[in-house]
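Chemist: Could you have a look at this structure, given as structure tokens, before my questions?
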Amino acid sequence: MPAMKRRQRPKASPHVPRPFRRNQAAVTDSSKFESLRDKRQQFLRKRGIYLLPNAFTTAALFCGFYAVVQAMNLRFEIAAIAIFVAMVLDGMDGRVARMTHTQSAFGEQFDSLSDMVSFGVAPSLVIYEWILRDLGRWGWLAAFVYCAGAALRLARFNANIGVVDKRFFQGLPSPASAALIAGFVWLASDNRVPVNLSWLPWIAFVLTIYAGVTMVSNAPFYSGKAFNVRHRVPFGVILLVVVAFVAVSSDPPIVLFGLFVLYGLSGYLYWGYQLLRGRPNPARTVTDR
């Protein structure tokens, strides 16, 4: 009888120790931290607001409110200057938001409401308290036409974002309209308007109606958005900036009012030039063409 072979156990594979990952816990903690940070940023985008651009918008809103208060106190020159300061601050908040990548839907709505106060309500009340009050019913009607024009202008601007050519505004922008009113008040407060005083209320009436109607017109006004301050420019541009600063500082009321009168007429002149050449209005929306 053949001898029975002893059954052998299979050889166990040698135990290879798994390498110890010293940074495994740190990696897990880091991923959790990044996840919490992303959730926090998403929460802030939904619930929080950006401080820097909205601080400029709040300052512009304060200047508009301050202009109304000073007009009620019969300090019209200070009221006009406050509107110009609001215009400078309004031009900075959007650029600051774009440069710091802090644009938000809240900022857009807040900016529109601030513009309505600073460039719609404030100029109409300032010029009414200054001289349109002397015209009685015609005076407050002109002030309301301006105020309503500013509201319609801002509403149309918000509705046409991304539809019109960014190089041009459709209608006179509300800050430029406010500059027309404030510049005229500032100039006349210094007794620098060479007209008969009896004509002054009616000149203010015509200017107020013109500014209010032009805001809701289709005239194309150059926006300046195509100009990028971060790009290189010729040396002559720097000289023009220096000349502009010197001119404004030499006689602010005359220079500022004169510049905005030219800008307020430029849209109609360019529109007529485009019509003569048979070209479409660049400020019209795509659906209107």
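Chemist: Let me spell it out: the conditions are (1) within 21 Å of the chain's Cα centre (by Cα); (2) assigned to a helix (DSSP H, G or I); (3) over 25 Å from GLY64 (Cβ atoms), and VAL213 meets all of them except one. Which number is the exception?
Modeler: (3)
Chemist: Being at negative phi and in contact (Cβ under 8 Å) with a residue 40 or more places away in the chain narrows it down to one residue among PHE144, PHE110; which is it?
Modeler: PHE110
Chemist: Regarding segment 190-200, can at least one residue be identified that is in a loop (DSSP other than H, G, I, E, B), surrounded by 16 or more Cβ atoms within 10 Å (Cβ to Cβ) and at pLDDT below 80?
Modeler: The answer is yes, given that some residue of segment 190-200 is in a loop (DSSP other than H, G, I, E, B), surrounded by 16 or more Cβ atoms within 10 Å (Cβ to Cβ) and at pLDDT below 80.
Chemist: Please name all residue pairs, on different chains or six or more residues apart, with Cβ atoms under 7 Å, provided the first residue is in segment 261-283 and is of a type in the set (Ser, Thr, Tyr) and the second residue is in a helix (DSSP H, G or I) and at pLDDT 90 or above.
Modeler: Hits for this filter: TYR263/ALA176.
Chemist: Looking only at segment 242-254, how many residues end up being among the aliphatic types (A, V, I, L, M) and either surrounded by 11 or more Cβ atoms within 10 Å (Cβ to Cβ) or in contact with a strand residue (DSSP E or B) (Cβ under 9 Å, 6 or more places away or on another chain) (or both)?
Modeler: 4
Chemist: Go through segment 71-96 and count every residue that is in a helix (DSSP H, G or I), more than 10 Å from the chain's Cα centre (by Cα) and not β-branched (Val, Ile, Thr).
Modeler: The total comes to 9.
Chemist: Only one of (1) modelled with pLDDT under 95; (2) buried (at least 24 other Cβ atoms within 10 Å of the Cβ) is not met by SER177, so which one is it?
Modeler: In the conditions (1) modelled with pLDDT under 95; (2) buried (at least 24 other Cβ atoms within 10 Å of the Cβ), SER177 misses (1) alone.
Chemist: So which of ALA97, ALA155, ALA105 is closer than 21 Å to TYR50 by Cβ, among the aliphatic types (A, V, I, L, M), out of contact with any helix residue (DSSP H, G or I) (no Cβ under 7 Å at 6 or more places or on another chain) and surrounded by fewer than 22 Cβ atoms within 10 Å (Cβ to Cβ)?
Modeler: Step by step, each of ALA97, ALA155, ALA105 is checked, and only ALA105 is closer than 21 Å to TYR50 by Cβ, among the aliphatic types (A, V, I, L, M), out of contact with any helix residue (DSSP H, G or I) (no Cβ under 7 Å at 6 or more places or on another chain) and surrounded by fewer than 22 Cβ atoms within 10 Å (Cβ to Cβ).
The values are calculated or read from the model by the stated rules, or taken from the named source; none is laboratory data. Being a predicted model, the structure only gives us computed values, none of them experimental. Here Cβ is always computed from backbone atoms with ideal geometry, including for glycine, and neighbour counts include all displayed protein chains.
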